[in-house]
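So the structure is just underneath, and the comments pick up after that.
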C-alpha cells in the first residue's frame, strides 16, 4: 500500500446546513453537534499522526529506508578507569583491566543508540558489553536491551556508565560499570558512582562508519528483558568478577 500525504481542512472551516429556528433552539440544548463531532475527530485522530492511522488501518506504517543514507558512526576509544587500568575484553569474551595502553583488546566502539545512551562493542571480538539482572557483566554476540548503558559526565569530568535496565529496587540507585583496585570487573550493584571504580576517561582514537544500522537493533532492544531469550542474554561466559 502506498501512502499519500494530504492536508485535512481544520474543523472550523467545515460548514453545516442550518435548519429552522425551532430546530436550532432544540439542537442548542444538545451537547453533540456535527461541528463538535468533527472537532473531536480532528483533535483525537488526525492530529495524532501516523500512530493513530496505524491503529485505524490495523497495519504497520513502515518508513522506507534510503539505501544511500550514511551509516551510523561509532567512536573507537579506550576506556581508562580511574583505578589505573584500561578496560579490555579478551578473545573469550572475559573482561578486566590492563595497564597496557597499546593492546587491541582495550579498543572499543562507543556506539550511540539513544539520547546519551551507548553500546560498548569490542573492536577485537565484535562482542558487546552487557549487564544482566544480577549485576554481572558478560559479553554478548547480539545487541540486546542489556547492552544499553547510559553515559553521564560526573562532576569531576569522568564518565560513568550505568545499565539502562537495572537498578536497586528499593532505592532506585543505578548499577554501574566498574573495575576494582586489582583491575577486576565488579558487579554493577556494588559500584558507587562517587568511587573511582566507576569513573572512566574515554580516550578517542577515530570515528568509523559501522557495517550495520544499529537503529534497527535498538528497536529490538526495546523489548522487555523477560522477552530476551536466555541464550541471547548469556551468549558468552560472564567475566571474572571481584568477590
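The values are calculated or read from the model by the stated rules, or taken from the named source; none is laboratory data. Bear in mind that the values here come from a model prediction, so they are computed numbers and not experimental data. Backbone-built Cβ (ideal geometry, glycine too); neighbour counts: all protein chains shown.
Looking only at region 196-206, decide whether some residue is surrounded by 21 or more Cβ atoms within 10 Å (Cβ to Cβ), in a loop (DSSP other than H, G, I, E, B) and either out of contact with any helix residue (DSSP H, G or I) (no Cβ under 8 Å at 6 or more places or on another chain) or modelled with pLDDT of 95 or more (or both).
Yes, region 196-206 contains at least one residue that is surrounded by 21 or more Cβ atoms within 10 Å (Cβ to Cβ), in a loop (DSSP other than H, G, I, E, B) and either out of contact with any helix residue (DSSP H, G or I) (no Cβ under 8 Å at 6 or more places or on another chain) or modelled with pLDDT of 95 or more (or both).
In region 55-90, how many are at pLDDT below 95 and out of contact with any strand residue (DSSP E or B) (no Cβ under 6 Å at 6 or more places or on another chain)?
Residues flagged as at pLDDT below 95 and out of contact with any strand residue (DSSP E or B) (no Cβ under 6 Å at 6 or more places or on another chain) within region 55-90 amount to 17.
Among the residues of region 169-190 satisfying the criterion of being more than 19 Å from the chain's Cα centre (by Cα) and not in a loop (DSSP other than H, G, I, E, B), which is farthest from residue 85 (Cα to Cα)?
189
Would you point out the residue of region 99-152, among those that are under 17 Å from the mean Cα position of the chain (by Cα) and in a helix (DSSP H, G or I), that is farthest from residue 201 (Cα to Cα)?
So the residue we want is 145.
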